[in-house]
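Quick notes on the structure that follows.
Just so you know, all these numbers are worked out from the coordinates, no wet-lab data involved. Just so it is clear, the model here is predicted, and its values are computed rather than measured. Here the Cβ positions follow ideal geometry from the backbone for every residue, glycine too, while neighbour counts run over all protein chains shown.
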Protein chains: 2
Amino acid sequence: MRKFAPVDFTKVSLTGAFWRERLETVLTRTIPSQYEKLESEGLLESLALLDPPPALRIPRNAQGFTTQFFWDSDIGKWIEAAGYALRHRRDATIEAQIDDIVDKLEAAQMKDGYLNLWYQGHEIENRWTNLRDRHELYNCGHLLEGAIAYFQATGRRKMLDVMERYLDHIRTTFGTGEGQKRGYPGHQEIEIALVKLYRLTGDKKQLDLAAYFINERGREPHYFDIEAVARGDDPKNYHFYRFGNHQYSQSHKPVREQDKVVGHAVRAMYMYTAMADLAAELGDAELKRACEVLWNDVTSTRMYVTGGFGPSASNEGFTTDYDLPNDTAYAETCASVAMIFWAQRMLNLDLDGKYADIMELALFNGALSGLSRDGEHYFYENKLESDGSHRRWPWHPCPCCTMNVSRLVASIGGYFYSVGENVVAVHLYGGNRADLDMDGRKVRVEETSNYPWSGRIRIALDPEGSGAFDLKLHIPGWAEGATATINGEKIDVAANTRSGYLTISRDWRASDVVELDLPMHPHRVFANPKVRMDQDRVTLKRGPLVYCLEQVDNPIAVPDLVLPRSAGIAARERADLFDGITVLEAEGVTVAADDWNGDLYRATPPTPQPVTLTAVPYYIWANREPGPMAVWIREN
Amino acid sequence: MRKFAPVDFTKVSLTGAFWRERLETVLTRTIPSQYEKLESEGLLESLALLDPPPALRIPRNAQGFTTQFFWDSDIGKWIEAAGYALRHRRDATIEAQIDDIVDKLEAAQMKDGYLNLWYQGHEIENRWTNLRDRHELYNCGHLLEGAIAYFQATGRRKMLDVMERYLDHIRTTFGTGEGQKRGYPGHQEIEIALVKLYRLTGDKKQLDLAAYFINERGREPHYFDIEAVARGDDPKNYHFYRFGNHQYSQSHKPVREQDKVVGHAVRAMYMYTAMADLAAELGDAELKRACEVLWNDVTSTRMYVTGGFGPSASNEGFTTDYDLPNDTAYAETCASVAMIFWAQRMLNLDLDGKYADIMELALFNGALSGLSRDGEHYFYENKLESDGSHRRWPWHPCPCCTMNVSRLVASIGGYFYSVGENVVAVHLYGGNRADLDMDGRKVRVEETSNYPWSGRIRIALDPEGSGAFDLKLHIPGWAEGATATINGEKIDVAANTRSGYLTISRDWRASDVVELDLPMHPHRVFANPKVRMDQDRVTLKRGPLVYCLEQVDNPIAVPDLVLPRSAGIAARERADLFDGITVLEAEGVTVAADDWNGDLYRATPPTPQPVTLTAVPYYIWANREPGPMAVWIREN
């Protein structure tokens, strides 16, 4: 069922300014500074298994919960990001840091393979008693992803060995066999890691374990309830019982029966990613179908225009259809990153532009907004409107988002291409040079562009040997009137585009050049009227970028700015901002309060006054002086 | 300084359908049913001073507070409302009920005059130790108003005697003399009652006590802090410390220095009422000036378009300028009722239409909305927007609003007229027959009208004796293009109107008839752009009535209805609704979601579709099937 495979990011060398800058920032600033935070915030100290354990850095909340339960995952995610960095260029300092962590993990690992720093450091007698809330399997998954990335970067497999021993222990503990617990993760993640391990080693039992976790999920009698009773707890005491009980962890019913995106957004997106992976590897049409239904559900009812997911802080997740408040948007960075993972997995199954569209949307907006320009400040919540109080933070009691964005950017080239049987597919644009391997046949692709600031894209192909194959170019949903040429000759884009991909079939030669023009007219975007929060509002897009009004660029308070339907929108290059970005400008209006003579109400409408609106890409907001921001602009 | 005196409601016989219906409902249903609630909810039981006291009906909250602290006030307020009812027509049942209460109050009164059912029943040792939170003086004030009303209705003065003894005790306890506490009420109210008592008896010491409370208020060192320390409490532990500390009770500074309306809205409005009363009785220009400054402040920055006050539930009061959220509006019924009191007092000082305008606005909208059509259900909070969940209740743990609206309606005729030296002033309209006494000269006034449904008003005067005097007719701010005739001859309204009153000076004869036409064109009202919640929204008024969209009258969900700026608005009499009301109809639009093909976002704007909007008067909403409501309608 797997028709396409993504191309490893090491094969894609980013030459365009946009991604070059983000990547360099992550490599040189984000990843090193994150290590410092792991150290200063106490995460690395947890490796020492001190007895007695040091005082909690993150005090328990009213439910007895502390994010220290899942510090292992943060360490694992940092190793993963650092591992990707090392594949760009080796670094003795970082490698020494990781080796030291690995040595401590190995030393900590119990004889039976168990490895969890919280439980070993605080309450080993309680291990495996609360999969629902305590993240043991989630932690294992992230450590495993770190181990894989570090092995791929350095060939050192000590951490991988540690993790495989831990997996053996997990495999013994959980399953449908006699004496086994029929458990599965409260926070999905390990399934993704297990598929990665299977792809690395070909070891089928890792895939089987992932499939077990996915297939067991949500069956009755419910494991989390059985487990709660065994702890002497009433399942009804569950903090998220009021949020549809096990909907919170998408275990309210078996995954194949799920047709509505619910619960904690990151859990959901990780699970769908794993489902798509398993569908591809196992040829499981039912799982694929469930993914498609869930994809259509979330993208048509529960997604922010920025590719953000999960409006509510109370469950870090989904609420009801079309409930997408802007100023209280949660839209966790991790959820957008995970959506990119899921979209990539869907593209392995079907080359449908709807997946690439959302991958691009979430990448350039909801995910990228999570990292500051300086690479050392973060958004956990990506609100679509702010009164100025929403600011980036240098670290977080729950630092999951920080390393999610660094591991994404450090491996971003891996999302650009797929190869299939006689197919090279391009999903994302941005200057790069890629060395693809299409069933053993080498194809060099060189893209020259200033994407996302310009939609003029030049792609030169240099294939090894001869024989026809298809080049499939994603034509983004926003790119109305796209044109293309091959060696200067016009291609009928409309006639040759299906499901969002333009197919050019030919026996490619080394001198072949495709020129693609994706027109980047600034344009308005409207929300379905069922999204009440966005009624009478409009947002602006240009190319893949969603724009917003940030106070620092505008002369009038952002909430008082109005963009009439009739106003033209102009794109303007601003070399003075952030090494050069394109802003949007429009003749807006505001209403004056100065002719009200102190009246609070009157029968005469407010007097409109012209004002120039300046909008900047959403991903780059909150990198200058604090102030209000709005993605959705009043239209009246 | 007092130039005008309101005319007692017993002199004003309501003949118009609108007020006749409301008054009859209050007399026949509201007041009797409220007695039943006093009984069933345990308030009357508190008169028995049972030992041990019965379990609390209203459990203490986290701050140790229960609304049972001020049950006395509810009893007092009911006696006041019932007293007014008896002045319309005597009723042996009600009189027996009140006599029984009075006997119990007399029996309960302590030898030294103290009378507070909570403290006597629960913790007498703590009396007078917490004026800030415990409402002893507030309770006394309401009981006193009840005593006055009952005395005026029946001539029975037992309750008045009880209260005068209690006041003697209070006068001994509080004051600036040696050994006296320099206390004053945490919840202002008694000041109004004391001025009423002074006006009834001419006993100057009652006025002096009111003046003491007002003048002492907010001085440093702060009495509430001294009192807190004496209780062993830290003044910073005060629950409302975070709301600007003593701003909550308007004791943050001496009242004459106050220029900003802050804190608990009902406390504020009662205090301003008393300040205006004292300014009138004492000729205190400084107090009058403070009232004027505060009046201009609240009406130009902190008032709902319905004449509601206090947006926030957290302090039952004011927040910041222009902060007037609609769906979370608190706008307590009591605050609108108290605003009517204050406006009436301001009209004693100056015949300025701005006071009559707000009196009319608050009366026909923010206050009247507090009472259901059936007279037995109430709003405590008068929200301006609801998703359908805001419903009327039959009683409340804090039933202050219930009796505030019944005492207002039972005495409503008293707000129609004032008399001054050779002046008869008309503030409110509605068919009535009034027997005025203008410095000993009798003037009969007969108004024929169908107000507020029609602005065509016929006023026939029949004065005793001869000699010129001024008839001053309020020309409401909304009545653009008002016309008038005297005995069929046109009067130049514009030329003869000052400060909102049309003056007709003549030697009136028995056959003189003034016809006034206040054009009731339905019209739009806009909010000052600084009220962000109402940006891009409009509301509708006709005459004194603010209108709202209620779901039951409209075919499309209320939040999805839009009223274009260009749409005409038509008034239509609807005999089928509530014995006949006038609704407003307009050709609105809605945007369809059915041509979105399941898309969540798109570049094409939503398609507008015509829909007829029907708006009903705000005061009458929530008397039919539950559903969403909005005062402010989308305009885009």
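Listed values, structure above:
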{"read-out": "Inter-copy label distances at A:ARG441 (7 Å, Cα→Cβ; nm, one decimal)", "value": "11.3"}
{"read-out": "Cα-projected label distance for B:ARG20 with B:GLN609, points at 7 Å along beta-carbon direction, nm", "value": "4.5"}
{"read-out": "DSSP-assigned coil residues among GluC sites (Glu not before Pro) in the range A:330-406, each with at most 11 further Cβ atoms within 10 Å", "value": "none"}
{"read-out": "Label-point separation in nm, A:ASN597 to A:ASN296, each point 7 Å along Cα→Cβ", "value": "6.0"}
{"read-out": "Alpha carbon centroid spacing (whole Å) that separates the range B:558-588 from the range B:251-325", "value": "34"}
{"read-out": "Cα-based Rg of the range B:12-90 normalised by 2.2 N^0.38 Å, two decimals", "value": "1.41"}
{"read-out": "About the Cα centre, charge dipole magnitude for the range B:417-517 (Lys/Arg +1, Asp/Glu -1 at Cβ), debye", "value": "100"}
{"read-out": "Shielding by other protein chains, B:524-532, mean Cβ within 10 Å", "value": "6"}
{"read-out": "Under Karplus coefficients 6.51, -1.76 and 1.60, residue-wise ³J(HN,Hα) of the range B:450-455 in Hz, glycine/proline x", "value": "10, 4, x, 7, 10, x"}
{"read-out": "Dipole moment magnitude, nearest 20 debye, chain A about Cα centre, only Lys, Arg, Asp, Glu C-beta charged", "value": "700"}
{"read-out": "Calculated diffusion of the range B:254-414, Stokes-Einstein form, Kirkwood radius summed over Cα pairs, 25 °C and 0.890 mPa s, µm²/s", "value": "156"}
{"read-out": "Inverse mean reciprocal Cα-Cα distance (Kirkwood Rh) of the range A:187-226, Å", "value": "10.8"}
{"read-out": "Dipole of the protein assembly as shown, positive direction: furthest Cα of A:ASN130, A:VAL552, B:SER314, with charges on the beta-carbon", "value": "A:VAL552"}
{"read-out": "Separation of alpha-carbon centers, the range A:197-223 and the range B:165-189, rounded to whole Å", "value": "77"}
{"read-out": "The protein assembly as shown - charge dipole about Cα centre, Lys and Arg +1 at Cβ, Asp and Glu -1, debye rounded to 20", "value": "320"}
{"read-out": "Two-decimal Rg/Rh across the range B:1-142, once Rg and the Kirkwood Rh are taken from alpha-carbon atoms", "value": "1.04"}
{"read-out": "Lys/Arg +1, Asp/Glu -1 at C-beta; chain A dipole; positive extreme among A:VAL631, A:SER418, A:SER406", "value": "A:SER418"}
{"read-out": "Stretch gain in nm, segment B:ASP350-B:ASP234, where the contour uses 0.36 nm per residue and the Cα spacing is subtracted", "value": "37.4 nm"}
{"read-out": "Two-site label geometry, B:SER566 and B:LYS181: point separation in nm, points 7 Å out along Cα→Cβ", "value": "6.8"}
{"read-out": "DSSP-assigned coil residues among chymotrypsin sites (Phe, Trp or Tyr not before Pro) in the range B:171-268, each with at most 16 further Cβ atoms within 10 Å", "value": "B:TYR241"}
{"read-out": "Pairs of alpha carbons in chain A whose separation is greater than 41 Å (percent)", "value": "26"}
{"read-out": "Low-density loop cleavage sites - trypsin sites (Lys or Arg not before Pro) in the range B:106-165, where at most 11 other Cβ are within 10 Å (DSSP)", "value": "B:LYS111"}
{"read-out": "Anisotropy class of the range B:442-548 from Cα gyration tensor, a/c 1.5 cut", "value": "prolate"}
{"read-out": "Förster-model FRET efficiency, 56 Å R0, B:GLU125 and A:GLU625, C-beta, rounded to 0.05", "value": "0.45"}
{"read-out": "J(HN,Hα) series, the range A:623-628, from Karplus relation 6.51 cos²θ - 1.76 cosθ + 1.60, nearest Hz, glycine and proline x", "value": "10, 10, 5, x, x, x"}
{"read-out": "Residue-averaged beta-carbon neighbours from other chains (10 angstrom radius) around A:603-610", "value": "3"}
{"read-out": "Global form of the range A:210-316, assessed from the alpha-carbon gyration tensor, a/c cut-off 1.5", "value": "oblate"}
{"read-out": "Span from the the range B:72-105 Cα centroid across to the the range B:445-501 one, whole angstrom", "value": "38"}
{"read-out": "Mean ellipticity per residue at 222 nm, deg cm²/dmol - from DSSP H runs of n ≥ 4 across the protein assembly as shown, formula -39500 (n - 2.57)", "value": "-10000 deg cm²/dmol"}
{"read-out": "Positive minus negative residues near B:ASN554 (Lys, Arg vs Asp, Glu; Cβ under 11 Å)", "value": "-4"}
{"read-out": "Rh by Kirkwood over Cα pairs, then Stokes-Einstein D for the protein assembly as shown at 0.692 mPa s and 37 °C, µm²/s", "value": "93"}
{"read-out": "Lysines whose Cα lies under 28 Å from that of B:LYS490, excluding same-chain neighbours fewer than 8 positions away", "value": "B:LYS354, B:LYS442, B:LYS472, B:LYS541"}
{"read-out": "20 Å Cα-Cα threshold exceeded, pairs from A:LYS77/A:LYS205; A:LYS3/A:LYS196; B:LYS37/B:LYS104", "value": "A:LYS77/A:LYS205"}
{"read-out": "Nearby aspartates and glutamates by direct alpha-carbon distance to A:LYS236 (threshold 19 angstrom, same-chain neighbours under 8 apart not counted)", "value": "A:ASP133, A:GLU220, A:ASP225, A:GLU227"}
{"read-out": "Gain in span if fully extended, B:ASN422 to B:TRP395, counting 0.36 nm per residue against the direct Cα distance", "value": "5.1 nm"}
{"read-out": "The range B:492-524 residues near the modelled B:ARG456 label - backbone nitrogen below 18 Å, point 7 Å along Cα→Cβ", "value": "B:513-522"}
{"read-out": "Estimated FRET transfer efficiency (A:ARG242, B:ASP323; beta-carbon r; R0 30 Å; 0.05)", "value": "0.45"}
